[in-house]
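Contents: one structure, followed by commentary.
Coordinate-derived values only; no laboratory data. In this text the structure is predicted, and so the values were computed from the model without any measurement. Neighbour counts run over all protein chains shown; Cβ positions are idealised from the backbone, glycine included.
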Amino acid sequence: MSFLQDPSFFGMGMWSIGAGAIGVAALALLLANTDMFLAKPEKAALEYLEDIDLKTLEKDAVTFKAKALWEKNGAVIMAVRRPGCFLCREEATDLSSLKPKLDELGVPLYAVVKEHIKNEVKDFQPYFKGEIFLDENKKFYGPQRRKMMFMGFVRLGVWQNFFRAWNGGFSGNLDGEGFILGGVFVMGPGKQGILLEHREKEFGDKVNLTSVLEAARKIRPQTSASEKQ
C-alpha cells in the first residue's frame with residue numbers, strides 16, 4: 001500500500017478524472033451539435049390546419065377558422081416563435097422583403113403568434129408587413145409541438161444565427177414563451193394544399209426565401225362560379 005503515499009499517484013488519478021470529464025463534455029457538445037436528439041417535426045395535414053381557431057387582435061376579438069386566410073388566394077404564413085425575439089424579428093423582416101412580389105402574385109402575407117402580452121405584437125409590427133393573428137391553442141406549432149430548451153445555447157448553428165442577427169442590427173427582449181419552435185407555411189387555395197412547410201429546427205433557423213417565392217408562384221387562385229361565367 002506504499003503507492004498510496006506517493007503524491008504522483010494522486011496526481012495521475014486527478015489528471016485521469018479531469019481528462020475523462022473533458023472527454024465526456026466534448027462528446028456531449030459534439031452530440032448537441034448534431035440533429036440526432038432534435039425533435040422530429042410531424043408534417044401537418046391540410047385538414048388539421050384548416051380547422052385551427054384564430055383570433056383577431058383588436059379589443060373586440062373575432063374568432064375564425066384558419067382556412068379563411070388562404071381559401072381563395074392562398075397565403076404565406078409565419079408561425080412566430082416569440083415576437084420579442086430578435087431572431088424572429090430578423091426572419092419577419094426577410095419575409096416582409098418579399099411582400100412586393102407576393103402582392104404582384106396576389107398572395108397575402110400573414111403571421112400567427114401564440115401569445116398577446118404587453119406590447120409585444122405592436123413592437124413586432126414594424127418588422128412584419130402583414131396582418132397578425134392569435135393562435136391561442138398553438139395549433140400552428142403542431143401537430144406535435146417541438147421545444148428547444150437550453151441545448152440550443154450549446155449549438156454552433158444557434159450562435160451563428162445570433163451573430164448574424166446582431167450584425168444585422170436586430171435587438172429584442174426576453175418577454176414571453178420562446179421555447180416552442182415556429183415555422184413558415186405557403187398555402188395554396190382551396191384543396192391545393194400545403195405547398196411549403198418549413199419547421200424551425202433550432203433558434204434562428206430561417207426559411208429559404210427563394211423556396212417561399214417558388215411555392216407562392218405555384219398558387220392558383222380560386223375563381224367563383226360568377227367569375228367563370
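Tabulated data for the structure shown
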quantity	calculated
Amide proton proximity set for residue 52, modelled H, under 5 Å, gap of 5+	66, 67
Built amide H within the under 5 Å cut-off of residue 132, gap 5+	111
For peptides 170-179, 87-96, 213-222, sequence by mean Cβ density within 10 Å, most packed first	87-96, 213-222, 170-179
Inter-label distance, nm, simple model (7 Å from Cα along the C-beta direction), residue 174/residue 48	3.2
Mean Cβ count within 10 Å, highest first, over the residues of peptides 154-163, 111-120	111-120, 154-163
Residues of region 194-218 with amide N under 17 Å of a point placed 7 Å along Cα→Cβ from residue 164	198-213
Between region 93-148 and region 152-210, the Cα center-to-center distance that results, in Å	11
